[in-house]
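As structure tokens, the structure follows; a few thoughts come after it.
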Amino acid sequence: MSIMQFWRILCARWTLVAATTIFCLLGGALVIKMAPPRWDAEANVYLNLLKPDPVTGEMIGGPSSRAYIGTQMGLITDYTVVGQAVDKLGWLSDPTFIQQYQNRSQSDTRDFRRWLAQIIIDRTRVTVMDNSNILNIIYTGSDPESAKAVANALMQSYLDNSLSFRRAEAIKSADWYASQAKKAKISLEEAQTAETAFERQNNVVMMQHEHTDVDSARLTAMAAQSFTADSGGGGAQAQLAEIDAQIKNASETLGPNHPDLIALRAKRNALLSIARQGGAPTESSHGSRVDQQKALIIAERDKLSKLRNLHSEVELQRDLYNKTAQKEIDFRQQAAVADTGLTPLGSASAPQSPSYPKIPLIVGGSLGLGLALGLLVALLTELLNRRVRGAEDLQSLPGVPLLTVLEVAR
């Protein structure tokens, strides 16, 4: 079928095309007249993913940011958040909603609050602004003011619940670390008790700050006296002054029977003996004392090794306790922080025009649909009831000779 044949058919069936188009336009006008308008109110929240946590300093980035944004979008339409928005709006005492709830289907067994929350959930859309961390909370209402009120209530409820969830999670973690810290403290006290008991039973003492036993410290002090022997009593006096200063500083923080103070006093007594002699001990006597101290350490090697193991266990339990207690403190601080990384970008405003019905879109769609439907109906009618409207129609019929074509004189 050529373009000329189509044109002749349309010219012959133009009334059918026009009637179909008019009926579609009337249908669109009826929709505009009868359909209740819908208004979209939008509230925006900025997710500050690049801002570090005020306590831990951690930031959300990479693949975890997409999961975080998806979680926040789902949280906005969760019943916990929407139910609180219902409370803020005062819908539970609204007579209109109460009447609608009483007239609901008998198969609907939801309570009133959840029934109201479902209305908001069904009319709420959450989107992310392109190439940004901004959430768009869009609520569709029957009038601009109610749409604005619901959008604002929903945004505020979302912010409040985010803070509440953050604090509840931090408190839960803090309580867990508190219980672990309590266990670690008990283990530390048991390790310290075992170390102290071993020291008393075997008459060996571990210096806490230098991580060595007192006998080894004495041997080190004796070995250092070789330098004192070369420098004379003046060197001994200088070392005595230095040790006295160390004892004074340690006494301010340590008890009188602390192992470190005992070791320092022993070292001072050894140097004091040298100073009272007016010089250094002879090489033979000094070497004899060093050898005796070495023999003592060798004889008590097993005890010292056991003591070092006990002391290492104390240090391990102390480190575990300190780290666990610090974690508890960090989570307590997180629970006290009011920053959730969410920033509302103002409040929602009342929309100026309805989002539905869109009059230009409906009119244009009705006109296009009417024309297309009219053309289709015209062609179908022509195919079911063929007419000869030109020479082309005869040429397409087999066995029908075409003698001549007469044209209308112009």
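The values are calculated or read from the model by the stated rules, or taken from the named source; none is laboratory data. In this text the structure is predicted, and so the values were computed from the model without any measurement. Cβ sites come from the backbone with ideal geometry, for glycine too, and all protein chains shown count toward neighbours. Side chains are part of the model used for accessible areas, which takes the heavy atoms of the whole protein and leaves out ligands, DNA and RNA. Shrake-Rupley method; radii C 1.70, N 1.55, O 1.52, S 1.80 Å.
Below, the figures for the structure above:
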| item | result |
| --- | --- |
| Residue under evaluation residue 198, criteria (1) farther than 16 Å from residue 42 by Cα; (2) of a type in the set (A, V, I, L, M, F, W, C); (3) modelled with pLDDT of 90 or more, criterion not met | (3) |
| Residue list for region 368-387, filter: touching a residue at least 12 places away in the same chain (Cβ under 8 Å) and surrounded by fewer than 15 Cβ atoms within 10 Å (Cβ to Cβ) | 381, 387 |
| Considering residues of region 326-355 that are among the hydroxyl-bearing types (Ser, Thr, Tyr) and either crowded, with 17+ Cβ neighbours inside 10 Å or under 17 Å from the mean Cα position of the chain (by Cα) (or both) only, the residue modelled with the highest pLDDT | 343 |
| Every residue from region 120-131 that is charged (D, E, K, R) and either in a loop (DSSP other than H, G, I, E, B) or surrounded by 19 or more Cβ atoms within 10 Å (Cβ to Cβ) (or both) | 123, 130 |
| Pair list, Cβ under 7 Å, 6 or more apart: region 311-326 residue more than 14 Å from residue 178 (Cβ to Cβ), other residue open to solvent by 60 Å² or more (accessible area, probe 1.4 Å) and in a helix (DSSP H, G or I) | 314/192 |
| Filter result for the condition that a residue is among the acidic types (Asp, Glu), open to solvent by less than 30 Å² (accessible area, probe 1.4 Å) and part of a helix (DSSP H, G or I), over 195, 169 | 195 |
| Search result, residues across region 132-146 that are open to solvent by 10 Å² or more (accessible area, probe 1.4 Å) and not in a helix (DSSP H, G or I) | 132, 133, 134, 136, 138, 140, 142, 143 |
| Matching residues, region 72-119, being in a helix (DSSP H, G or I), open to solvent by less than 50 Å² (accessible area, probe 1.4 Å) and more than 25 Å from residue 341 (Cα to Cα) | 89, 91, 97, 101, 112, 115, 116, 117, 119 |
| For residue 99: the one exception among (1) free of Cβ contacts under 8 Å to residues at least 40 places away in the same chain; (2) touching a helix residue (DSSP H, G or I) at 6+ places or on another chain (Cβ under 8 Å) | (2) |
| Test for residue 324: is it assigned to a strand (DSSP E or B) and not aliphatic (A, V, I, L, M) | no |
| Condition broken by residue 358, with the remaining ones in (1) within 30 Å of residue 137 (Cα to Cα); (2) open to solvent by 70 Å² or more (accessible area, probe 1.4 Å); (3) in contact with a strand residue (DSSP E or B) (Cβ under 8 Å, 6 or more places away or on another chain); (4) not hydrophobic (A, V, I, L, M, F, W, C) satisfied | (3) |
